[in-house]
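Here is the structure we will look at, set down as structure tokens.
The values are calculated or read from the model by the stated rules, or taken from the named source; none is laboratory data. All figures in this text were calculated on a predicted structure; none of them were measured in a lab. FYI the Cβ positions are ideal-geometry reconstructions off the backbone, even for glycines, and counts take in every protein chain you see. All accessible areas refer to the heavy atoms of the entire protein, side chains included, with ligands and DNA or RNA removed. Shrake-Rupley method; radii C 1.70, N 1.55, O 1.52, S 1.80 Å.
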Amino acid sequence: MSVTETIEEPVGSGPFSWYKRADRKVRRVFWTCSVAWTLDAMDALVYQYLIPIIIMAFGITLAQAAAIASASYFASAIGGWMGGWLADKFGRVRILQLTILWFSVFSFLSGFAQTYDQLLILRVLQGVGFGAEWAVGAVLLGEIVARKDRGKALGSVQSGVAVGSGLAALLAGPFVALFEPEMGWRIVFWIGILPALLIFFVRRGDDDSAVFKESKAQRVAEKRSVTPLEIFRLKYLRITALAALLAVGAQGAGYSVSSYLTTFLQNERGISASTAGIFVLLNSVGAFFGLLGNAYFSDRFGRRAAFRMFGAGFILATIFYLCAPLGSHAYTLIPAGFIQAFCQFGLYGSFGPYFTELFPTEVRASGQAFAYNFGRAVSGIFIQGVAILAATMALNVSMTIMGVIGVICALVATVLLPETVGRDLRELDERSVS
């Protein structure tokens, strides 16, 4: 079957029918990756929501607090790339366990920081594990789940970021308010140790994919080694560059909006800080369904079609949400925010299956981790771009402009990249060797 054809679903199937067909191994890996990604996203986002409290606790400036977040994301790009390479070299499960333990421990230790420098170092180290965990888990699940279900399974895992965002908002808001200011933020970081329990739910040898074991055995037999720079070899360079461009565009578009959303709601819609927080929390519901919607759509109609549909939806929904005269009424802003978040986060939903199908097994984890985390790191340019434009125009206009530029970058990448839905990973490996 050509990868450009529509994948036919069994009669009566739906977005979750794949789970019923999956065996125990796939289900176990799915839940491990889903919960890890949810708590991973929660821990990364909760710092941003805690910034006002962190500023008061350490007596620092907004710029200093923001520098910790930026440094953590930069570290995640480096950690993701190296974690991916280690997963290609030593095995998916072994490195998944290590990354989960790594980011959990350093999140926990962040709660003991006594100075700004200590918190900066601990969050940078946490970022190293944060960057690697999603990519390694996505590769593992993508290799063991049935190819016709790859988009639905990985899209469901990706939806955990919406749940994590909601949990982060609850922890940084109502939960922190239950404690003294000095203790509340520390307890939130201590909760970050919980993902470490997940390392006991995957088995190091048994849960690695057959396609990875075959690829590793072939490398050993041929006495070939894979270096971190392998993805920049000529035969992989085009895919690596275009996958990175796709990640830059999609994530840059999203960060252009989400990084300034509460500021926009407060300053331009005239909403109080507490109400704005509730609106953002409700947007997470739209984000969750957007990711699940992409999961089904991309398996049915193709990866590129999914990026294009949600990209077009992002442009239209963002222009309406940010620029239409909606006032400050909940009955207009909440539905509009739901649709905007549905499209924005839905745009991310095909990263896992698409990147899994673009890279051959021997460089799959390093290629996927590099592309995704390169996009996360470079997205800082879009965030800064909004701030620069906002000096000469309204914030909502600058957010919209940078968001549209990001989507255009992503759409250009989909024109130049191949369609891969339903791709057989073994056939991909054979073509890469020949």
- Item | Ordering of 233-239, 363-369 by packing [mean C-beta count within 10 Å, highest first] | 363-369, 233-239
- Filtered hits (aspartates and glutamates, Cα-Cα < 16 Å from LYS223, offset >= 8 within chain) -> ASP88, GLU214, GLU362
- Message: How large is the Rg to Rh ratio of the chain when both quantities use alpha carbon positions and Rh follows Kirkwood?
- Response: 0.96
- Note on the structure: Listed residues VAL188, VAL145, VAL412; largest mean-square fluctuation, Gaussian network over the chain with Cα springs below 10 Å, found at VAL412
- Where labels lie 7 Å past Cα in the beta-carbon direction, separation of GLN266 and LEU234 in nm: 5.5 nm
- Message: Please report the accessible area of MET393 (heavy atoms, 1.4 Å probe, ligands and nucleic acids excluded) in Å², nearest 10.
- Response: 70 Å²
- If you put +1 on each Lys and Arg Cβ and -1 on each Asp and Glu Cβ, how big is the dipole of the chain around its Cα centre, in Debye rounded to 20? 760 debye
- Quote the accessible area belonging to PHE179 in square angstrom, nearest 10, computed with a 1.4 Å probe and with ligands, DNA and RNA left uncounted. 80 Å²
- Rounded to the nearest 0.05, FRET efficiency between ARG426 and PHE200 (Cβ-Cβ, R0 30 Å) equals 0.45
- Item | In order through the stretch 64-69: 3J(HN,Hα) via Karplus (6.51 cos²θ - 1.76 cosθ + 1.60), integer Hz, x for Gly, Pro | 5, 5, 5, 4, 5, 5
- In nanometres, what is the gap between the two model label sites at GLN114 and ALA387, each 7 Å from Cα along Cα-to-Cβ? 3.1 nm
- Message: For the chain, what does the helix formula give at 222 nm: sum of -39500 (n - 2.57) over DSSP H segments with n ≥ 4, over the residue count, nearest 500 deg cm²/dmol?
- Response: -25000 deg cm²/dmol
- Message: Students often forget the sequence filter, so: which lysines lie under 22 Å Cα-Cα from LYS148 once same-chain residues fewer than 8 apart are removed?
- Response: LYS20, LYS25, LYS213
- Item | Protection-proxy order for peptides 65-77, 240-252, each taking the mean of Cβ atoms within 10 Å per residue, highest first | 240-252, 65-77
- Task: Go through 50-62, 147-159 and give me the packing order, highest mean Cβ count within 10 Å leading.
- Result: 147-159, 50-62
- Message: Sequence gap at least 6, Cα distance under 8 Å: using those rules, report the relative contact order of the stretch 64-193 to the nearest whole percent.
- Response: 34 percent
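Using a 1.4 angstrom probe on the protein heavy atoms only, line up LYS223, LYS89, LYS20 by accessible area, largest first. Provide the component values of the computation, followed by the final result.
On the way: LYS223 185, LYS89 80, LYS20 165 Å².
Reading off the accessible areas and sorting them downward yields LYS223, LYS20, LYS89.
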- Can you tell me the relative contact order of the chain? Whole percent, Cα pairs under 8 Å, sequence separation 6 or more. 26 percent
